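In what follows, a single structure is set out as structure tokens and then discussed.
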Amino acid sequence: MTLLDPHSVPSADQSLLEAGPGRSLAQDAWRRFRRNRLAMFGLVLVAFLVIVALVGPFVVQDPTKFSKTVFKEPPTNQHLFGVDHRGADVLANVVYGIRLSLFIGIMATVLETVIGILIGAVAGWFGGFFDTVSMRLVDVMLGIPYIILAYAFITVLGRGVLAVILTLALTAWLQTARTVRAGFLQAKELEYVEAAKALGVGQWRIMWRHILPNVFQPVIVLVAVGVGSAILAEAALSFLGVGIQPPEPSLGRMIADSQSHFATAPYLLIFPGLAIIITVLGFLLVGDGLRDALDVKDT
Amino acid sequence: MTSFVLRRLVSLAFTLLGGFTVLFVLFFALPSDPAEVIAGGNGKNPPQSVIDNVTRKYHLDESIPKQYVRRLWETMTLSGESFRTREPLSDTVADRLPNSLRLAIWAMAIEVTVGVGTGVLSARRRNSLVDTASTLGTAIVSAIPVFVLAYLLRQVTGVYAFQHQWPEWARLPVLSEADRGWYLGIIPNLDQLEQIIQPALVLASVSTVVVARLTRTTMLEAAGSDHVRTARAKGLKERQVLSRHTLRNALIPVVTFVGIDFGTLVGFAILTETVFGWPGLGSRVARAAGQSDLPVVLTLSMVVMALYGIANLIVDVSYAKLDPRIRLGGAR
């Protein structure tokens, strides 16, 4: 036991002792997840952000209301995060920014996961020409510097929330497809699939009902990490000016805008910056925790 | 060995061709007319005659397959020129590639020293404060967007340090172009050091925490292996066990990672270079992508992809040299 990372295998020996009959895999995983303090911290962060995203808009001021008299004011009781150079409340913009970031991150990841599973499953199960072509495409796309690839897609797709979601999904399915394909290649040879075949179960049914649930664990980890990366990528695109366009609030753009007010108004950088960091950190920690709890090998 | 290298080079060529095609297709599916963009710039309305001129000059009226071949040839021979600035791309590459390499090498130096150092420290004092902090720190650093980190650094060293009369060495002015004439091409003088230290730190940040984590894991694995126990039983001092037996074995995966990461540092420094205005390949390619400057995007992306592929190949070959158990290409 002394060799093992205490965070990656939270008291495995104990869970062996306690493991009674009739506990499902998910319950087991949840027990392990709960013992992992960092993962629970991540979960708390994510829960907090979801609450902020859902409740925040009823509490804060209108993010698009510009004061005509107050500009660049440090945090006060009225404006907890200060007022920006346009006269807008920073707190309101951060809350709406988090809301949009979460929405984009989750939507892009759902879409990306669906694309990845479809391509990975078909490539792994049927093999042949489609497998060769799609996996070469994955190699090639992974080789192109990410920002350039995203730039290329967003130039085609235009501007706005939908374009950003599509861009993120179309550039992020690669790892999921690889993982799912590898799972299918392995499962294809296993007895339970042989058995299903012998019983005359149809191909599609075997793929979705028999194999997919068995290769799904690494995908769950990729989903959690994926939301974090999608939010980071969205912030980067908005920072570069090709992501979310005004009047939609975006944390990345707020940071880009703060650049010219460095010397006088550091809070314009710090609050949106912290918001991104906390959001991404939450999802990364949950992803790490899931990886350990589900005992997924390197993804 | 030779056949392995050859096969990998051929495969790299196909990957490059694939990358070229993907980018060509995407950028040519542009809704806006490139000729108009080139002739007019942002928001200007150029007269039709100018647009026609540009269209002819850059062969934009040719069929797509013909243009594909033309751009491919231009890219392979570095003979294209920027749509926007007319600057020949061979000059751009010659100018900017050394800067990209310098930044990557300095970032790698930081990554190795800080990363391995922290990793060894946290493996030796497992569950100590350093250890816990490094686990959480890894996650935090990967969660900070590059541009936030860069701005914070500039805020502290470029603004705060001046306002609060910090010692001279801690005050770093906001950067401009990197000077030419590096000693041996890589060693900076004091001014150049001031310029490179911040982008190198930011670029190295994520890799450094990965190296720290990796070193920690492999150190713990190696520390429990039989030969280390033997070394200890033999009565070697803890220091000797650590340096000669544990560390040497633990570092093989780390070396692999660092090698592959070098390609990433060269090719994926786009955000870092843009934020700091570092005149490397990344900042140029980002600007070109924003302006639909197709030849620049295609050529520089291919240079970056090629470097990345070659770095990987070198890692694989040297890995086989380090570890005799690995035979290249034998299994297939």
- Query: If R0 is 60 Å, what FRET efficiency do you get for B:THR85 and A:MET40 from their C-beta distance, rounded to 0.05?
  - Reply: 0.65
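Calculate the mean, over all residues of peptide B:14-25, of how many other protein chain Cβ atoms lie within 10 angstrom of the residue's Cβ. Could you put the intermediate results ahead of the total?
Values: counts 3, 6, 2, 1, 7, 9, 2, 1, 8, 6, 1, 2.
For peptide B:14-25, the averaged partner shielding equals 4.
Within a 10 angstrom radius of the beta carbon, how do A:ILE51, A:ILE98, B:ILE310 rank from fewest other beta carbons to most? Present the calculation step by step, with values, prior to reporting the outcome.
Working: A:ILE51 10, A:ILE98 23, B:ILE310 14.
Ascending Cβ contact count within 10 Å gives the list A:ILE51, B:ILE310, A:ILE98.
Using 0.36 nm per residue of separation minus the Cα-Cα distance, give me the extension gain between A:LEU25 and A:PHE130 in nm, one decimal.
Working: separation 105, 0.36 × 105 = 37.80 nm, distance 3.37 nm.
Stretched out fully, the A:LEU25 to A:PHE130 stretch lengthens by 34.4 nm.
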- Message: What is the distance in Å between the Cα centroid of the stretch A:173-247 and that of the stretch B:56-115?
- Response: 35
- J(HN,Hα) series, the stretch B:239-246, from Karplus relation 6.51 cos²θ - 1.76 cosθ + 1.60, nearest Hz, glycine and proline x: 4, 5, 4, 5, 6, 8, 10, 6
- Message: Looking at chain A as a GNM with Cα springs under 10 Å, which of A:GLU112, A:GLU189, A:GLU234 has the largest mean-square fluctuation?
- Response: A:GLU189
- Within a Gaussian network of chain A (alpha carbon springs, distance under 10 Å), most fluctuating of A:VAL55, A:VAL215, A:VAL114: A:VAL55
- Label A:THR264 and B:ASP95 with points 7 Å out from Cα along Cα→Cβ: what is the distance between them in nm? 3.4
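Values in this text are rule-based calculations from the coordinates and carry no lab data. The model shown is predicted, which means the values in this text are computed figures rather than measured ones. Cβ: placed from backbone, ideal geometry, glycine included. Neighbour counts: every protein chain shown.
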